[in-house]
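Right, one structure below, let's go through it.
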Amino acid sequence: MSSVYSFVPQKSRSILQCWIDVLNLNVKVVNPRRTKLGDFKVISNQMSITINNNLNKYSFLITLTHEIAHAFVYKKYRDRVSPHGKSWQLTFKSLMLNFLTTDYFPEDILKVLSYHMISPKASTFSDLELIKKLKKYDYIKSFTVSDLATGDLFRIPNGKIFLKSERIRKRYKCIECRTNKIYLFHPFAEVIKVK
């Protein structure tokens, strides 16, 4: 359990410890998953949270608080409310209010995060401005679709090669080179630039 606290800003540890103890939560830090930063589950009446180990301390704190909000909502309502509905939003906002100061986040993140918390979404990745600020603090700098110029080639982990095209609303249109199929990529999808 103590390893969880090494992933968050030091001043947040006592608050998190209190919530985790009150809820009797099992929290595990796990290897990164491609489709999620964290999750909340109940297995045999034991509430459990997993969080990816590749998140910077600010992303980790937001994600852990997001999942703890699920635990509080589950404890009160069980499965009678929507996972990211009004009850979860209000709980998440209430928990995050404890951290919306420069004691926990740098000024640049705090400004965007405060705006995000007015109406939090199911995924932090839906807020492009927040993700852009958080990525500045990543331990390992990665290359994303938004870092590429139009016309650049990139590869994804399965080996497929794409050509970056124009932006369509929030995503980038990209053409797979082998099949000419069009795919839409999140601006912060991690890729490997092809020289």
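With Asp127, Asp103 as the choices, which residue is closer than 19 Å to Phe60 by Cβ, under 16 Å from the mean Cα position of the chain (by Cα) and acidic (Asp, Glu)? Step by step, each of Asp127, Asp103 is checked, and only Asp127 is closer than 19 Å to Phe60 by Cβ, under 16 Å from the mean Cα position of the chain (by Cα) and acidic (Asp, Glu). If I filter the stretch 125-160 down to residues being of a type in the set (Phe, Trp, Tyr) and not in a loop (DSSP other than H, G, I, E, B), which single residue comes out as surrounded by the fewest Cβ atoms within 10 Å (Cβ to Cβ)? Of everything passing the filter in the stretch 125-160, Phe125 is surrounded by the fewest Cβ atoms within 10 Å (Cβ to Cβ). Could you please let me know if Leu148 is touching a Ser or Thr at 6+ places or on another chain (Cβ under 7 Å) and free of Cβ contacts under 8 Å to residues at least 60 places away in the same chain? Taking the combined requirement at face value, the residue does not satisfy it. For Leu130, the conditions (1) farther than 22 Å from Thr35 by Cα; (2) touching a residue at least 12 places away in the same chain (Cβ under 8 Å) all hold with the exception of (1). Taking residues in the stretch 159-170 that are within 12 Å of Tyr183 (Cβ to Cβ), and partners anywhere that are of a type in the set (S, T, N, Q), the pairs with Cβ atoms closer than 8 Å and at least 6 places apart or on different chains are Lys164/Thr150; Ser165/Thr150. Ser3 falls short on exactly one of the conditions (1) in contact with a Ser or Thr (Cβ under 7 Å, 6 or more places away or on another chain); (2) surrounded by fewer than 17 Cβ atoms within 10 Å (Cβ to Cβ); (3) closer than 30 Å to Ala189 by Cβ, and that condition is (1).
Test of understanding: among Ser94, Ser123, which residue is more than 22 Å from Ala189 (Cα to Cα) and among the hydroxyl-bearing types (Ser, Thr, Tyr)? If you could, list the steps in order and put the result at the bottom.
On the way: Ser123 fails: more than 22 Å from Ala189 (Cα to Cα).
The unique qualifying residue is Ser94.
Within the bounds of the stretch 82-92, is there any residue that is of a type in the set (D, E, K, R), surrounded by 15 or more Cβ atoms within 10 Å (Cβ to Cβ), outside any strand (DSSP E or B) and more than 16 Å from the chain's Cα centre (by Cα)? Among the residues of the stretch 82-92, not one is of a type in the set (D, E, K, R), surrounded by 15 or more Cβ atoms within 10 Å (Cβ to Cβ), outside any strand (DSSP E or B) and more than 16 Å from the chain's Cα centre (by Cα), which makes the answer no. Got at least one residue in the stretch 58-79 being within 27 Å of Asp108 (Cβ to Cβ), in the same structural domain as Val112 (by TED's automatic domain parsing) and surrounded by fewer than 17 Cβ atoms within 10 Å (Cβ to Cβ)? Within the stretch 58-79 (the criterion being within 27 Å of Asp108 (Cβ to Cβ), in the same structural domain as Val112 (by TED's automatic domain parsing) and surrounded by fewer than 17 Cβ atoms within 10 Å (Cβ to Cβ)), the answer is no, since none of the residues qualifies. Restricting attention to the stretch 1-31, the residues that are on the phi > 0 side of the Ramachandran plot and without any contact (Cβ under 8 Å) to a residue 12 or more places away in the chain add up to 0.
The values are calculated or read from the model by the stated rules, or taken from the named source; none is laboratory data. Quick caveat: nothing in here was measured; it's all calculated off a predicted structure. When we count neighbours, we look across all protein chains shown, and the Cβ atoms used for this are built from the backbone with ideal geometry, even at glycine.
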